[in-house]
Amino acid sequence: MVERMTEMDISSVIKQDIGAVYSAFKNEDFRNMNIFSNRIMSNALFSDDPKFTLIGFFLKDIALIYDAMKARKELATFTTAKSFGEVFLKSLKIEDEIDEHWKKYHEFCNSVREHTATIHEKKSYKEAIEFSHASFIWLLKLLEKDKELLLVGKNQFARGILNEMNRIFRVHGGGIEEIYAVSLIRGLQLYYEYMDYFEDARTEIITSSVFPYVDAIAKTMMAKEVNQKEVTSLLRRIIIDWRLSYIRFMERPRIVPIGQKPLPITEETRQKLSETIAKALEEEVK
Amino acid sequence: MVSFKDQLISEASLLAPALSREELSEKISNLIENQILPEALIQMRLPRLPSPASVKTEELMAARYGKRAYSPLHDKMRLIQDLEKIRYKLNGSDLTDVNLPIGSEKTMQTTIGISHPEPELDIERVGEQLSVDMELIQDISPAPFGEPKEKIKSPRLIEFDSEVTQRIVSSRSFATLIGAIESKIRSNYSHGKISFSFSIRADLDIPSREKTKIYISLPDYSFEEKMDFWDKIETEIKNVIESLDVSEDERNEIRRNLLTHVRAV
């Protein structure tokens, strides 16, 4: 007989996950930081408290920001930029209210963005929050109006919307509402990428499961006063669907074309091939 | 002895006997390109980048000797960076398990179920399966409720103490200054024989005033060499301060409060 999990148990496990995230961050191992952040969101499935999901989602984004920064050719202000992540992580308290988590994440995004800009961008662009706000609304309307495009195979519509939002926020900054919008679209994109697994049922699943999210995002974000509670609840539902998709299908293949049947070789052969190629590449860059 | 190539072909033909020779060849190419190569790229260990200074020296030397086309360090740097970029794209965005090789899951092609807006979880069952990576947790303190126990082995090129980190976040002008100095250091020096450690210390004469100190470690150099480096770095930092878009008063304030110090050992 197994005892029921309490919120206290989950909170304690998530604190350990956050410990692992912090350790990976300190050691600049952003790939593992991303993985540990995913764990938080997966462990948050066992809780009704949306803030656990939110914490994992924010930490995942931070991992991806620094991973991208590290992979860039110009590392010019990496340590300075890392300070913002360090302070965010150190000030992260699981007990904080949801409002406080959003506020800190917004502050982090607005501060770090200047360090992700190129020299040319730094010289030329100024903060333009009203422009960001108007363009985000325009993009959300576009997504809602043309959502049928999401049914088209190999379309990049959601990714395209997210790309524009990321670019506009990075260059011009934004308010908390822009952070809500980009978070919802990022969550939606993560979930939507699993749609290709449904093959013949893809259209039906997108219509019944993704379209309602597109409509809900547009409705929530275009309200006269955006309600943070609604945003959090919607984001959590999308993330739950994404994490459940991970449990069902596991990691999405990165490059394998849709519908291509893999060659049935044994795991040993596959491993040997992979090691041989890795060794040859290591030799090349020695 | 059977070669690995023969072994692969024979295994593949045995497991997929209906395939023609061409189909098999195409399948093997696809397998390597789409699945094995991404996995190999993620697994491989990439070396550190060559220092920008050594790449620059190579470029200048090549120009002097008329060998513009031959620049192995530059090519190596480009290759490492390109591989890093590919690895970033293959990051394993959804993974929760570090040991799970990307793209190798047996269930990948299986289509099951339809998503629900809210999950229906049997918490009792889930409780049985919930496992925590104890080895990892024992290895670290549960930060941010404490620092990780594991020490970073070698010093990084640039490190900030917690007060510098905090001030970067709280003061935009301080972040700009430190960012500009970091940028200069990174363009002129590489990790290895030199490291820079930024700290905030109280002024000895006026304890209420705080100064930013940049400690420079050059353990492998002689005293004279250390002094030469110190002069060079001081000049570089002065130039950075000159280039800042600030008022003259602010510039003087920065000059007063920023010091460099070469460690004796």
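The values are calculated or read from the model by the stated rules, or taken from the named source; none is laboratory data. Worth saying up front: this structure is predicted, and the values here are computed from it rather than measured. Cβ sites come from the backbone with ideal geometry, for glycine too, and all protein chains shown count toward neighbours. Quick note on the areas: whole protein, heavy atoms, side chains included, nothing else; ligands and nucleic acids left out. Shrake-Rupley method; radii C 1.70, N 1.55, O 1.52, S 1.80 Å.
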What area, in nm² and to one decimal, does the C-alpha convex hull of the stretch B:155-265 cast on average over all directions? 7.3
Per residue of A:275-281, other chain Cβ atoms within 10 Å number on average 6
Could you order A:Ile168, B:Ile9, A:Ile98, A:Ile119 by accessible surface area, starting with the largest, using a probe radius of 1.4 Å? A:Ile119, B:Ile9, A:Ile98, A:Ile168
Let me check I've understood the local charge: for B:Lys226, count other residues with C-beta under 13 angstrom from its C-beta, Lys and Arg +1, Asp and Glu -1. What total comes out? -3
Accessible-area order for A:Val152, B:Val246, largest to smallest, probe 1.4 angstrom, reads A:Val152, B:Val246
In debye, nearest 20, what is the charge dipole magnitude of chain A about its Cα centre with +1 on Lys and Arg Cβ and -1 on Asp and Glu Cβ, if you could check? 640
What is the average number of partner chain Cβ atoms found within 10 Å of a Cβ in A:44-57? 1
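For the stretch B:159-216, calculate the relative contact order in percent as a whole number, restricting contacts to Cα pairs under 8 Å that are 6 or more residues apart.
35
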Computed over the stretch A:1-116, the relative contact order (Cα-Cα under 8 Å, seq sep at least six) in percent reads 23
List the residues of the stretch A:108-131 whose backbone N lies under 13 Å from a point placed 7 Å from the Cα of B:Leu244 along the Cα-to-Cβ direction. none
Averaged across the residues of A:12-23, what count of C-beta atoms belonging to other chains lies within 10 Å of each residue's C-beta? 6
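Over the stretch B:1-63, what lengths in whole Å, largest first, do the semi-axes of the equivalent ellipsoid take, defined as the square roots of 5 times the eigenvalues of the alpha-carbon gyration tensor?
Working: eigenvalues 361, 32, 30 Å².
Its equivalent ellipsoid spans semi-axes of 42, 13, 12 Å.
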Could you tell me the accessible area of A:Lys93 in Å² (1.4 Å probe, neighbours in place), rounded to the nearest ten? 100
When the Cα centres of the stretch A:179-194 and the stretch A:1-80 are compared, how far apart do they sit, in Å? 17
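Computed FRET efficiency, Cβ-Cβ of B:Leu15 and A:Ser208, R0 22 Å: what is it to the nearest 0.05?
E(calc), rounded to 0.05, equals 0.05.
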Mean 1/r over distinct Cα pairs of chain A, inverted to a Kirkwood Rh in Å, yields 20.7
Collect residues whose amide H, placed 1.01 Å from N in the peptide plane, falls under 5 Å from the amide H of B:Ile158; neighbours closer than 5 in sequence don't count. B:Phe196
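Could you state the per residue volume, in Å³, of the convex hull enclosing the Cα atoms of the stretch A:1-116?
88
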Counting only C-alpha contacts under 8 Å and six or more residues apart, can you give the relative contact order of chain A as a whole percent? 15
Heavy-atom SASA rank of B:His191, A:His115 (probe 1.4 Å, accessible area, largest first): B:His191, A:His115
Ignoring ligands and nucleic acids, what accessible area does B:Ser190 show with a 1.4 Å probe (Å², nearest 10)? 40
What list of ³J(HN,Hα) values in whole Hz, one per residue of the stretch A:84-99 in order, does the Karplus curve 6.51 cos²θ - 1.76 cosθ + 1.60 (θ = phi - 60°) give from phi, with Gly and Pro shown as x? 5, x, 4, 5, 4, 5, 5, 8, 5, 10, 4, 7, 4, 6, 4, 4
Please list log₁₀ I(q)/I(0) at q = 0.11, 0.12, 0.18 Å⁻¹ for the stretch A:69-223, using the Debye equation with identical point scatterers on the alpha-carbon positions. -0.53, -0.62, -1.13
How much accessible surface does A:Thr207 have with a 1.4 Å probe, in Å² rounded to 10? 70
